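Worksheet for the structure shown next.
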Amino acid sequence: MKRLLLATVLLVTGTQMALAQERVDLDMTAKIRQEAFARSQVMKTLDHLTDVIGPRLTLSPTMLEANRWTRSKFTEWGLANVHDEAIDDLGRGWEFTDTSVEMLSPRPMPLHALPKAWTPGTTGPVVGDAIHVKLESKDDLAKWKGKLSGKILFTDDLRPYKPNEKSDFQRHDHDSLEELLSYPLADDRRTDPAMMARYRSRMELAPLLNQFLIDEGVAATVSISSWNDGIVRVMGGGSRKAGESVGVPSLVMMAEHYNTVMRALERKEPVKLRLNVDAKFLSDANQPGYNTIAEIPGSGPSRDEVVMLGAHMDSWHAGSGSNDNGAGVAVMMEAMRILKAVGARPNRTIRVALWTGEEQGLIGSQEYVKRHIGKFEEPKDPEEKALPAFFRQHKGKLIRGQDWGKVSAYFNLDNGSGKIRGVYAQENLAVAPIFEEWLKPWHDVGATIVTQRNTGSTDHVSFDAVGIPGFQFVQDQLDYFSHVHHTDLDVQDHAVEADLKQASAIVASFVYNTAMRPAKLPRKPFVEN
């Protein structure tokens with residue numbers, strides 16, 4: 001009993017000592033708050049990135065312009081080592097300038113649709129009959145062979161309208177934040193054989209389908225938007241890689257207009273459409289894309305160590321990429337501007353990275369991590385090697401790079417423009433009490449929680465996967481997942497200025513605290529297999 005009591009006392013005392021050592025520079029915090037709240041430039045940055053430059057599809061001319069412009073701003077603000085880092089052979093650039101779709105019969109009607117990225121244009125107006133076709137297997141291709149020339153294929157079923165059961169615009173309340181503090185024990189979906197089989201089947205069918213559509217002389221394909229209420233949610237199709245079949249012009253149509261066409265087809269009425277898609281590939285060969293990098297050099301004993309922050313600068317093409325992820329880019333840029341403006345002299349180097357290719361599978365951040373921090377040995381099993389890293393059952397041995405021991409942490413922002421309410425600790429129990437101390441000066445602006453939950457699907461995962469502390473912030477959803485995510489409504493009107501100011505201040509403080517603490521942030525246990 002005495003040994004148990006002593007161990008408990010030592011544990012509690014050790015935790016209290018750790019917290020006592022976790023000092024927050026309140027003078028610097030006050031300077032950060034003042035600069036962020038009273039002299040913010042975050043909306044000015046977002047405006048230029050989204051309304052002036054526009055959507056930034058990976059490899060597009062506007063993405064290259066965003067690389068150039070952000071470099072110029074970092075240089076203007078006095079950051080060091082400003083440069084672009086190439087990701088070779090990323091694919092081919094693509095852009096579209098105009099799309100029109102009209103129903104000519106059974107009655108005239110304009111239809112709202114947008115092209116999938118990396119699919120060809122029509123080279124002028126095309127008139128064709130609409131038909132409903134399911135092409136989900138090799139058997140389907142054989143069934144329709146020789147029957148589709150000149151046709152416009154509607155490839156999804158009619159979907160009955162279902163009103164939203166909750167508000168389109170959401171902020172966290174006490175209950176939802178409390179719920180985030182619980183840790184759900186979920187199944188590992190990588191072990192689901194059915195999911196793996198479906199993924200492999202889709203990957204095998206995609207190039208066959210693209211070539212089949214060309215060989216059959218199909219005029220175009222149309223699919224239904226995954227969201228209702230006139231919102232067109234559209235991503236990629238065809239192929240961005242040189243030498244791969246890109247298929248035929250492929251569009252996504254707002255659900256209510258798609259259903260109008262489908263009801264006419266169900267009534268056995270001939271449906272004739274006219275469409276014109278002005279879209280094109282910009283090269284015949286694969287081109288590099290670029291991550292944009294800049295630094296505030298460390299000036300203390302740990303100047304060779306690094307604290308990183310970042311956001312993906314690429315977007316989809318339907319809107320202006322304001323919330324996904326212009327907001328994250330503007331916040332991370334503003335955090336760096338704030339730190340320079342308040343005269344921060346960090347112990348460790350602070351490095352910001354604006355990623356390319358996130359929407360195509362975290363390509364920019366993954367390649368950065370492989371090049372500088374660490375990478376896993378390639379699987380010897382050909383089937384395993386063909387899978388994305390997320391689906392692989394065995395990671396293999398980690399080959400550590402020159403920066404593996406130098407990076408203290410990476411902080412990411414990529415869930416729209418909602419204010420920060422806390423941070424996901426990614427199962428890093430040791431970092432939780434540290435972050436709780438760092439959040440205390442921000443309770444009055446709504447940032448209060450540290451949750452052990454993992455959150456995925458964005459660039460911090462690239463760092464977390466190789467054992468580097470990588471974190472994403474908890475944010476208010478606003479209408480990110482009801483209106484703007486990957487849609488034509490992802491424009492500046494849906495960004496909230498006050499929230500972006502708050503987020504910029506908190507990111508700047510977290511980065512500064514990480515750069516100034518005596519030791520690097522603790523790392524969670526790292527298991528290789």
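With N as its number of residues, the range 439-502 has a Cα radius of gyration that, divided by 2.2 N^0.38 Å, comes to 1.35.
Quick one: angle between helix 26-38 and the longest Cα principal axis of the chain, in degrees between 0 and 90, rounded to 10, please. Helix 26-38 and the main axis of the chain meet at about 30 degrees.
Just to be sure I understand the model, the point goes 7 Å from the Cα along the line to the Cβ. What's the resulting L429 to E204 distance in nm? About 4.4 nm separates the two model spin labels. Taking amide H positions as modeled 1.01 Å from N, with prolines and chain starts lacking one, the residues under 5 Å from F154 and 5 or more places away or on another chain are I131, H132, V133, V222. Contact order for the range 99-277, expressed relative to its length and based on alpha carbon pairs under 8 Å spaced 6+ residues apart, stands at 44 percent. Largest first, the extents of the alpha carbon coordinates of the range 99-277 on the three principal axes equal 56, 37, 31 Å. If you line up the long axis of helix 61-76 against the longest principal axis of the chain, both from Cα atoms, how many degrees apart are they, to the nearest 10? On a 0 to 90 degree scale, this one is about 20.
Each 20 Å bin from 0 upward holds the following percent of the Cα-Cα pairs of the chain: 20, 51, 24, 4, 0. Projecting label points 7 angstrom from Cα along Cα→Cβ for Q211 and E22 puts them 5.7 nm apart. Here the Karplus relation 6.51 cos²θ - 1.76 cosθ + 1.60, evaluated at θ = phi - 60°, turns the backbone of the range 326-338 into coupling constants of x, 4, x, 4, 4, 5, 5, 5, 5, 4, 5, 4, 4 Hz, with x for every Gly and Pro. Relative contact order, whole percent, for the chain stands at 22, derived from Cα pairs under 8 Å and 6 or more residues apart.
Dividing the summed helix terms, -39500 (n - 2.57) for each DSSP H run of n ≥ 4, by the number of residues in the chain produces a 222 nm estimate of -10000 deg cm²/dmol to the nearest 500.
Look at where the Cα atoms of the range 481-517 and of the range 242-305 average out, and the two centres are 24 Å apart. Charge dipole of the chain (Cα centre as origin; +1 on each Lys and Arg Cβ, -1 on each Asp and Glu Cβ, all else neutral): 940 debye, rounded to the nearest 20.
Each of K145 and E383 was given a label point 7 Å from its Cα along the Cα-to-Cβ line. The distance between the two points is 2.7 nm. A convex hull fitted to the Cα coordinates of the range 115-197 yields 241 cubic angstrom per residue. Between the amide H of V252 and those of L114, K116, S223, distances stay under 5 Å, these residues lying 5 or more places away or on another chain, with hydrogens modeled in the peptide plane. Measuring from a point 7 Å past the Cα of V52 along Cα-to-C-beta, which residues in the range 77-100 have an amide N at less than 16 Å? Under cut-off, by backbone N: 77. Per residue, the convex hull spanned by the Cα atoms of the range 64-159 measures out at 214 cubic angstrom. Ordering S182, G121, S239 by Cα displacement along the dipole of the range 99-277 toward the positive end leaves G121 in first place; charges were set at the Cβ atoms of Lys, Arg (+1) and Asp, Glu (-1). If the chain linking K440 and W69 were pulled fully straight, counting 0.36 nm for each residue of separation and taking away their Cα-Cα distance, it would gain 130.0 nm. Residues whose amide H comes within less than 5 Å of that of D479, counting only those at least five positions distant or on another chain, are Q170 (H built at 1.01 Å from N in the peptide plane). Normalised by 2.2 N^0.38 Å, where N is the number of residues, the alpha-carbon radius of gyration of the range 300-375 equals 1.27.
Here the Karplus relation 6.51 cos²θ - 1.76 cosθ + 1.60, evaluated at θ = phi - 60°, turns the backbone of the range 144-160 into coupling constants of 9, 4, x, 10, 10, 4, x, 8, 9, 8, 9, 9, 10, 6, 4, 10, x Hz, with x for every Gly and Pro.
Values quoted throughout were computed directly from the atomic coordinates according to the rules given, and no laboratory measurement underlies them. Every value quoted in this text rests on a predicted model; they were computed, and no experiment measured them. Here the Cβ is made from the backbone with ideal geometry for all residues, glycine too, and neighbour counts use every protein chain on show.
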